[in-house]
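Below: the structure, in structure tokens.
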Amino acid sequence: MQSRLLSLVGAISKHFLTIVLLIFVSLSGVFLGVTPSAIAASQSSTTMTAPPQSTQSREDAYEKAAKAASSPEAQEEAYEQDLEKYKAENPDAKTGIVEEAKELVEKGVIDK
């Protein structure tokens, strides 16, 4: 009688353990942060969009870059223009080490 009772308790505990594990696996899938596809589509579409550019502006930019790459003088001129544009857009930006060295040379603190 006791052996039958022990086997019955063992079988019930195995089934109970199996059911508890199945519930745990199911709930863990829910709480893993699975994003619904509708939300994922809206999030990715807002971050992946680029501002529209006309074909003409892209062609102009290409021609400008090709012209700048043709000679060292044109490269230097394009660099200076970009640097001036950057300084105009970011007046509070820190000056680079090269500009600081130039200022020290002009002041006479450092010899050329």
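Condition first: at pLDDT below 80, loosely packed, with under 10 Cβ neighbours inside 10 Å, on the phi < 0 side of the Ramachandran plot and within 26 Å of the chain's Cα centre (by Cα). Can you find one or more residues in region 93-100 that meet it? The answer is yes; a qualifying residue exists.
Only one of the listed residues (Ser26, Ser57, Ser13, Ser42) is at pLDDT below 80, at negative phi and among the hydroxyl-bearing types (Ser, Thr, Tyr). That residue is Ser42. Can Glu89 be described as of a type in the set (Asp, Glu) and modelled with pLDDT under 80? Against the criterion (of a type in the set (Asp, Glu) and modelled with pLDDT under 80), Glu89 does not qualify. Scanning region 29-39 for residues that are in a loop (DSSP other than H, G, I, E, B) and at pLDDT 70 or above yields Phe31, Leu32.
The values are calculated or read from the model by the stated rules, or taken from the named source; none is laboratory data. For clarity, every value in this text was computed on a predicted model and none was experimentally measured. Here Cβ is always computed from backbone atoms with ideal geometry, including for glycine, and neighbour counts include all displayed protein chains.
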